[in-house]
Each structure stands twice: as structure tokens, then as C-alpha cells.
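Here is the structure we will look at, set down as C-alpha cells.
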Amino acid sequence: MLVTRPKVAELTFQVYGRSLHPELFQIHQTRELERGYRAKVEITSAGHVITWRYQGMTLTEVAASAQHPLPQKRRLMSYCLRGERTDRIECRGGVTYEVGFQLETVDPSVFWIFQEELANDGERQGLLHRFDASERMCLGALSYVNVETRNRSMLVQAFHTFPDDCAIVKSQSMFRLP
């Protein structure tokens, strides 16, 4: 199990057509919800895990380190987290999964303003985890995940900061019923 936050250059974004064992991750925050579908959203040491279930179907989204030992069985999508990317998966029964993510490196002053705003938003809603500071930085990284549910869809916005690199990983995922 990974016990420290990885370097931003080591991050991957993967989606599975199955659940993954919780022992694979160091989980810091969890939220479970049910609304015609069931979902579990978790902040981990490297990013997040979202497990979404509907009528016997399971989709699991993972933002993790490339060094993290994750299975290959039933992996539907796998990308290194670099630049910007969007993708879509059409599932049985008309269920769709759409994702857009980006890695953005910004000026240090912009980074610290963004991190402060993220922390303030996280105090009011969503899931927020503050990581310990590294040896180089006085403030630690943040992970913030906001979930919006509707009867036929779930939107998840995730933000993960990496102070050593002044980098921000942003993702937006939509799980949609037919």
C-alpha cells in the first residue's frame, strides 16, 4: 500500500468494470450515497476512488500512482495524468460514463490562492482532506471531491493539489442512467 502522496508525474487515471479491494488504498475520507444507484466516493493518499453500482453493474474510477499495484482484469480505461483528456464509455442498458481531466501547473501565487479557495469550499460542502506538509513546503496538499446527485445521474468533481510542483489535478466524471 502506498503511504505517501506520489509525485504528480507518477499519476494515472483508470476505470474498471468491477470493484477493487479497499485494502489496495490508504483511505482518508469516505462518503456513501444511494439514489436509484449506489456510490462510494473516497479520498486516498494519491487521489480518489469512486465505486458506482446500478442493477448489477459496477464502474470504479481511480486516480492513483502508476507505482500503485492495481489489477489489469476488467480495466476499461487507463491514462497517464498529463495534459488534458476526455473519454466516454457506453455500458450495457444505455448507462454512460463520461470523464474529463487535466493536469495544470500554475504560478506559485496562483497555486496558493487556488488551494486556499479550495480549502474554504471544502469546509462548507463535499469531501476534503488536508495532507501533511512535505519537507519543502510549509503547507500540505489538499484533495477535495464534490458530488452532485440527480435521479438519473451523478456528477463528481475532484481536485488534488501537489504543492511541490505547484500542480493541480482536476477531474469531472458523469455517471448517467438511460
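The values are calculated or read from the model by the stated rules, or taken from the named source; none is laboratory data. Being a predicted model, the structure only gives us computed values, none of them experimental. Glycine also receives a Cβ, built like all others from the backbone with ideal geometry; neighbour counts cover every protein chain displayed.
Side notes on the structure shown:
- Conditions (1) more than 19 Å from Arg53 (Cα to Cα); (2) in contact with a Lys or Arg (Cβ under 8 Å, 6 or more places away or on another chain); (3) modelled with pLDDT under 95: number failed by Phe159: (3)
- Residue count for segment 123-138, restricted to those that are among the hydrophobic types (A, V, I, L, M, F, W, C) and modelled with pLDDT under 75: 2.
- Identity of the residue in segment 1-48, among the hydroxyl-bearing types (Ser, Thr, Tyr) and over 15 Å from Val145 (Cβ atoms), that ends up farthest from the chain's Cα centre (by Cα): Tyr37
- Test: residue in segment 86-94 that is touching a residue at least 40 places away in the same chain (Cβ under 8 Å) and among the polar types (S, T, N, Q): no
- Answer residue from segment 1-47, given it is of a type in the set (Gly, Ala, Ser), under 22 Å from Asp132 (Cα atoms) and crowded, with 17+ Cβ neighbours inside 10 Å and is modelled with the highest pLDDT among those: Gly47
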